[in-house]
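These notes concern the structure reproduced below.
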Amino acid sequence: MKVCICDDEEVFRYIIKEVCQKYFEENQYPFEITEAESGEEVLEKASEYDLLIMDIEMSGINGIGVKDRLELEDKSPYIVFVTNYAWYMQNAFGRDVIGYIRKEEIEKKMPGILERIVELINRDIMVAGKYKSSDIACICSEKEYVKIYLKNQGEEIERDSLQALEQTLEVADFIRVHRKWLVNLKYVDMLEDTKIWVEGMEIPISVRNRKKVEKAFMRYGMKRMDCM
């Protein structure tokens, strides 16, 4: 795993690095850690990282600004925010944001978040041998073909079965919302009784799937909150 720690205070970069090294070494998980002092420095090489552990309040581009920029990219790392200021949390949520830690709780909470991220990376599934499940927002059945909607609005057509993909992608937080639609919960913008919005796209929820979708969405949200 390639990790970047971004904080304009050296002492906190050191503390986070020590906690990460201890976790990865104890679990015999390969890792590489890079340090950055600013958001601008992160953005230069963000696509190279699997995980970005970042302070929110920094001079220049702050952590929220970096997150917003990265959400426009095709490949962006998972993000964990660290800060002393709890009121930033309401703006810290995002597509790739996995956790939020107050700086005084780094040693206590960081190992649990790292465990969650390792789990997410290890269960990334290849679809059609080309697309990582974490990069797919939703999939639509087109008879004997499927249309794969990638994050940031890219679309691809593959010969595959939605039913087969549903079984394969269940462990990667995908949920069947309609006979024609399979959705990645990571990219859900909003949920209503009969509709779900994914990356700005409105998708119908069938009556038979409504309760299952609501429960899956709640479980996914709770998993995210456990890391906050």
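The values are calculated or read from the model by the stated rules, or taken from the named source; none is laboratory data. No experiment lies behind these values; they were computed from the predicted model shown. FYI the Cβ positions are ideal-geometry reconstructions off the backbone, even for glycines, and counts take in every protein chain you see. Just so you know, the surface numbers come from the protein's heavy atoms only, side chains and all, with ligands and any DNA or RNA stripped out. Shrake-Rupley method; radii C 1.70, N 1.55, O 1.52, S 1.80 Å.
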For this session: State whether the residues of the range 60-79 include one that is loosely packed, with under 14 Cβ neighbours inside 10 Å, among the β-branched types (V, I, T) and more than 17 Å from the chain's Cα centre (by Cα).
Result: no
For this session: Within the range 148-169, identify whether any single residue is in contact (Cβ under 8 Å) with a residue 40 or more places away in the chain, touching a strand residue (DSSP E or B) at 6+ places or on another chain (Cβ under 9 Å) and β-branched (V, I, T), and answer yes or no.
Result: yes
Problem set entry | Which numbered condition E144 fails, given (1) open to solvent by 30 Å² or more (accessible area, probe 1.4 Å); (2) in contact with a Lys or Arg (Cβ under 9 Å, 6 or more places away or on another chain); (3) closer than 16 Å to K186 by Cα | (3)
Problem set entry | Every residue from the range 138-186 that is closer than 19 Å to A216 by Cα and touching a Gly at 6+ places or on another chain (Cβ under 9 Å) | L185
Problem set entry | Lone qualifier among I61, I79 - being β-branched (V, I, T) and free of Cβ contacts under 8 Å to residues at least 24 places away in the same chain | I61
Exercise. Considering the range 170-199 alone, what residues qualify as being outside any strand (DSSP E or B), open to solvent by 50 Å² or more (accessible area, probe 1.4 Å) and without any contact (Cβ under 8 Å) to a residue 40 or more places away in the chain?
Worked result: E170, R179, E192, D193, T194
Problem set entry | Scan of the range 35-65 for residues that are modelled with pLDDT of 90 or more and under 22 Å from I136 (Cα atoms), ordered by number | A46, E48, Y49, D50, L51, L52
Exercise. What is the one condition in (1) outside any helix (DSSP H, G or I); (2) surrounded by fewer than 17 Cβ atoms within 10 Å (Cβ to Cβ); (3) within 16 Å of the chain's Cα centre (by Cα) that G99 does not satisfy?
Worked result: (2)
